[in-house]
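*Asks:* Can you read through this structure? Questions will come right after.
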Amino acid sequence: MTTHNLPWNPPPAVDVEALPVGKWWDAVRAASIVGERALKTLGDETGAVIQDKYGTLYWLVAVGSATSWHLRQVRVLTELADESTYLGVPPVSWTTGPRSHWRVPLGPGRYLTDAWKLREALAEADHAEYGP
């Protein structure tokens, strides 16, 4: 797959690479049970999604677009003032598990997820799974 239109290059097809969040994108991490439901809700409106070997899902969102979220089983990964945060990014060719892979592969028009739509889908999933 050609990724020349991205502001960064996914790792070569060798291994997962730890890339800094907050440079090209932030990431939203959701536990499997909430993430799966949100992924269904988003449907074709989701951007690329990484799934790690434990089933946790990670959406890439614009830097600074997902702040002050208070949802159970969800964490926003962003650059912090006093420490660096990294996300394990698999090679673009890894599109199946069981190791970390692109659950929703990068592609033309499929890169960042709209943070507002993602938050709404995760909030709906949170309430469905855990109640108000």
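The values are calculated or read from the model by the stated rules, or taken from the named source; none is laboratory data. Quantities reported herein were computed from a predicted structural model and do not represent experimental measurements. A quick note on method: Cβ atoms are made from the backbone with ideal geometry, for glycine too, and the neighbour counts reach across all protein chains shown.
*Asks:* Suppose we filter GLY64, GLY88 for residues that are closer than 16 Å to LEU19 by Cβ and either touching an Asp or Glu at 6+ places or on another chain (Cβ under 9 Å) or assigned to a helix (DSSP H, G or I) (or both); which single one remains?
*Replies:* GLY88
*Asks:* Can I ask one more? Which count do you get for residues in region 11-25 that are out of contact with any Lys or Arg (no Cβ under 8 Å at 6 or more places or on another chain) and either farther than 19 Å from TYR86 by Cβ or assigned to a loop (DSSP other than H, G, I, E, B) (or both)?
*Replies:* 10
*Asks:* If I filter region 81-115 down to residues being free of Cβ contacts under 8 Å to residues at least 12 places away in the same chain and surrounded by fewer than 13 Cβ atoms within 10 Å (Cβ to Cβ), which single residue comes out as nearest to VAL61 (Cα to Cα)?
*Replies:* GLY109
*Asks:* Kindly indicate which of GLY35, GLY97, GLY43, GLY55 is modelled with pLDDT of 95 or more, part of a loop (DSSP other than H, G, I, E, B) and farther than 20 Å from PRO20 by Cβ. Give the steps one after another, and end with the answer.
*Replies:* On the way: GLY35 fails: part of a loop (DSSP other than H, G, I, E, B); GLY97 fails: modelled with pLDDT of 95 or more; GLY43 fails: part of a loop (DSSP other than H, G, I, E, B).
Among GLY35, GLY97, GLY43, GLY55, only GLY55 is modelled with pLDDT of 95 or more, part of a loop (DSSP other than H, G, I, E, B) and farther than 20 Å from PRO20 by Cβ.
*Asks:* Assuming VAL28 fulfils every condition listed in (1) modelled with pLDDT under 95; (2) β-branched (Val, Ile, Thr); (3) part of a strand (DSSP E or B) apart from one, which condition is it?
*Replies:* The single condition VAL28 does not satisfy is (1).
*Asks:* Keeping to region 100-116, report how many residues are part of a loop (DSSP other than H, G, I, E, B), at pLDDT 90 or above and within 16 Å of TRP25 (Cβ to Cβ).
*Replies:* 5
*Asks:* Looking at region 1-50 only, could you name the residues that are surrounded by fewer than 16 Cβ atoms within 10 Å (Cβ to Cβ) and of a type in the set (Ser, Thr, Tyr)?
*Replies:* Once the filter is applied, which keeps residues that are surrounded by fewer than 16 Cβ atoms within 10 Å (Cβ to Cβ) and of a type in the set (Ser, Thr, Tyr), region 1-50 yields THR2, THR3, SER32.
*Asks:* Say we look at region 73-114 and pick out the residues that are over 16 Å from the mean Cα position of the chain (by Cα) and of a type in the set (D, E, K, R); which of these is nearest to VAL49 (Cα to Cα)?
*Replies:* Out of the qualifying residues, it is GLU83.
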